[in-house]
1. To the nearest 20 debye, what charge dipole does the chain have about its Cα centre, counting +1 at the Cβ of each Lys and Arg and -1 at the Cβ of each Asp and Glu?
2. Which log10 I(q)/I(0) values does the chain give at q = 0.10, 0.14, 0.18, 0.20 Å⁻¹ under the Debye formula, counting every alpha carbon as one identical point scatterer?
3. Tell me, what HN-Hα J-couplings in whole Hz come from the Karplus equation 6.51 cos²θ - 1.76 cosθ + 1.60 at θ = phi - 60° for each residue of region 121-126, using x for Gly and Pro?
4. For region 4-65, what class follows from the C-alpha gyration tensor (a ≥ b ≥ c being the square roots of its eigenvalues): rounded when a/c is under 1.5, otherwise prolate if a/b is larger than b/c, else oblate?
Amino acid sequence: MVSKIGKRLAVVRENAGFLQIPFAEKLGVSQSSYKNYERGASPVPASLIAKVCEDYDISPAWLLLGEGQIKSEMNGKLVEGVVLTIEKFAEVNNLEPPLDKKAKIIRFVYEEIVSGRDFKDKDVKRLFNTVM
C-alpha cells in the first residue's frame with residue numbers, strides 16, 4: 001500500500017521533472033530505498049524529509065501531513081514574481097487585458113505555482129488567450 005507521504009514524495013519528484021533513479025541519486029539514497037519510500041514499504045528518514053524540503057522549497061507540513069500548500073515560500077517575493085512575470089508577458093506581447101482579467105490570471109498562476117505546478121510561457125500565453 002502506498003503511503004500518503006510516499007505519494008507526496010512522488011509529487012515533488014514529478015514536479016521537479018525527475019524519474020525515480022535520478023531523483024534518488026540527487027537525494028543521495030539508493031534507488032531501491034527511494035522506491036520503497038514512495039511505495040510506503042519503508043519509513044522515510046527525517047534527514048531525507050529535511051533534504052527534500054530544503055532542496056525543493058517544500059513545506060514540511062505538506063510533505064509530512066498533507067496540510068497547507070506544497071511550497072514553503074508563501075510570501076511577497078513569490079507574489080511579486082508572479083505579478084512581474086504577467087506584466088512583462090503582457091508588455092512583450094502588446095496585450096492590455098482589463099484589470100479584473102489580469103488579476104484572475106495572476107491569482108491562477110500564483111495558485112498553480114504554490115500547488116507545485118511548473119508554469120511556462122506557453123501556459124501564460126494560453127491563459128491570456130482564454131481570458132481575452
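1. Numbers: 20 positive and 18 negative charges, 84 e Å.
Around 400 debye, computed over the chain.
2. -0.41, -0.69, -0.93, -1.05
3. 4, 4, 5, 5, 4, 4
4. Judged from the Cα gyration tensor, region 4-65 comes out rounded (a/c under 1.5).
Each value in this text was obtained by applying a stated rule to the coordinates, not by laboratory testing. Model, not experiment: these values are computed from the prediction. Here the Cβ is made from the backbone with ideal geometry for all residues, glycine too, and neighbour counts use every protein chain on show.
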